[in-house]
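Encoded as structure tokens, the structure appears first; notes follow it.
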Amino acid sequence: MVMVAPSILSADFSRLGDEVKAIEKGGADMVHIDVMDGHFVPNLTFGAPIVKWIRPVTDLPFDCHLMVAKPAKFLADFKKAGADYVTVHVESEGWRDAIETIRDMGMKPGVSLNPDTPLVSVMDVLDKVDLLLIMTVNPGFAGQGFMSEVVSKVRKASILKSGEGYRYILSVDGGIKPSNVGEVIDAGADMVVAGSAVYGSDDIRGAIRALKSAR
Ligand code: DX5
Ligand code: ZN
């Protein structure tokens, strides 16, 4: 069954702790934390302090997605705050060294690709990452439309994973809904990120179940 990582970017921040507990109770597998710096993407969200505040409220792993221009300078803060997975973008500065640093600090490194970035750009790190995050929207905002043209990249990453015996979690992020999650699962995704499809629903448990039961 596919894993689901709801993105707290779409949560109600006036009661963030409860929103995190609700996805844990609802069957989520990880908490997806979208960190944006206003440079790498046009939007600004939050940083390590949010991770620190919600760490005591859940046992779920934290899947921190860094959409920042220079990830290196934030890694120690995320470690201190309690991050588990830390994913850096291949389009950001110093991403290769960041992967090493994340591992050395005792966290699990991930690498992410924008929709237009080909898989070949990460080929030499696929044996070094615990998570490969394929974007099906241009990062920056929740609630955008799913780019189905990226599904072929998910399929390639899945074939490579089984062919080469890589151990990364193949995760897909952006515009995931019950209506399109099936094609992402068929392409080989291990995990899907969902912001609006989960937190936009009145029934969080039902929304997570709808994503998991699509196949
Ligand atoms: C986009 C973020 C996504 C986004 C997902 O920049 O990385 O994680 O919040 O939200 P939905 O599921 O609404 O596209
Ligand atoms: Zn994300």
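For the stretch 132-170, which positions are among the charged types (D, E, K, R), surrounded by fewer than 14 Cβ atoms within 10 Å (Cβ to Cβ) and outside any loop (DSSP other than H, G, I, E, B)?
Answer for the stretch 132-170, where residues must be among the charged types (D, E, K, R), surrounded by fewer than 14 Cβ atoms within 10 Å (Cβ to Cβ) and outside any loop (DSSP other than H, G, I, E, B): E149, E164.
Return the pairs, sorted by first residue and then second, in which the second residue is in a loop (DSSP other than H, G, I, E, B) and among the hydrophobic types (A, V, I, L, M, F, W, C), the first residue lies in the stretch 13-35 and is at pLDDT 95 or above, the beta carbons are less than 7 Å apart, and the residues are 6+ apart or on different chains.
E19/A11; E24/L60; A28/L60; M30/L60; V31/L60; V35/F46; V35/V68
Among (1) within 16 Å of ligand 2 (Cβ to nearest atom); (2) free of Cβ contacts under 8 Å to residues at least 60 places away in the same chain; (3) among the hydroxyl-bearing types (S, T, Y), where does Y199 come up short?
It fails just one condition, (2).
Select from the stretch 36-47 the residues that are crowded, with 19+ Cβ neighbours inside 10 Å and in contact with a Gly (Cβ under 6 Å, 6 or more places away or on another chain) and list them in ascending order.
Passing the criteria: only V41.
Quickly run through the stretch 60-89 and pick out the residues that are under 17 Å from the mean Cα position of the chain (by Cα), in a loop (DSSP other than H, G, I, E, B) and among the charged types (D, E, K, R).
Correct list: D84 only.
Among the residues of the stretch 90-129, how many are of a type in the set (A, V, I, L, M) and not in a loop (DSSP other than H, G, I, E, B)?
Number of matching residues: 10.
Which residue, of G188, G140, G145, is in contact (Cβ under 8 Å) with a residue 40 or more places away in the chain and within 18 Å of the chain's Cα centre (by Cα)?
G140 is the lone residue from the list that is in contact (Cβ under 8 Å) with a residue 40 or more places away in the chain and within 18 Å of the chain's Cα centre (by Cα).
I need the full set of residues from the stretch 153-176 which are within 15 Å of the chain's Cα centre (by Cα) and among the charged types (D, E, K, R), in order please.
D173, the sole residue that qualifies.
Return yes or no: is S14 outside any loop (DSSP other than H, G, I, E, B), out of contact with any helix residue (DSSP H, G or I) (no Cβ under 8 Å at 6 or more places or on another chain), more than 16 Å from ligand 2 (Cβ to nearest atom) and of a type in the set (S, T, N, Q)?
On the way: outside any loop (DSSP other than H, G, I, E, B): yes; out of contact with any helix residue (DSSP H, G or I) (no Cβ under 8 Å at 6 or more places or on another chain): yes; more than 16 Å from ligand 2 (Cβ to nearest atom): yes; of a type in the set (S, T, N, Q): yes.
So S14 passes the test.
The values are calculated or read from the model by the stated rules, or taken from the named source; none is laboratory data. The structure displayed is predicted, hence computed values, not measured ones. Neighbour counts are summed over all protein chains in view; Cβ atoms, including those assigned to glycine, are modelled from backbone coordinates with ideal geometry.
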